[in-house]
Amino acid sequence: MSTIEKIQEEVFVEEAVGINNEIVLFNDDVNTFDHVIDTLIRVCKHTSEQAEQCAILVHYKGKCTVKTGPFDELKPQCTQLLN
């Protein structure tokens, strides 16, 4: 007969806390593609390609995360986007 050896290991998991805040843009029937793209470029500092891709994703998927980061940095940007 053979012997089965069991090994017990301790594993440490480190989580990144405070970076998982998001600004999510939702689709609506009010804002035009051009307005959304221009606003993402101005407020979120997206490139024109990034802003256009986000607008397309929002149009077809209904929503898109447009920015992630610390809450303190996202709050003013979110306020500007809502205006």
Problem - Packing rank of 34-41, 62-69, where each peptide gets the mean count of other beta carbons within 10 Å, highest leading - result: 34-41, 62-69
Practice task
Calculate, in nm to one decimal, what Gln80 and Glu5 gain on full extension: separation in residues at 0.36 nm each, minus their alpha carbon distance.
Solution key: 21.0 nm
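Laboratory data are not the source of any read-out in this text; all were calculated from the coordinates shown. These figures come from a predicted structure and were not determined experimentally. Methodologically, a virtual Cβ is constructed for each residue, glycine included, from the backbone with ideal geometry; neighbour enumeration extends over all protein chains shown.
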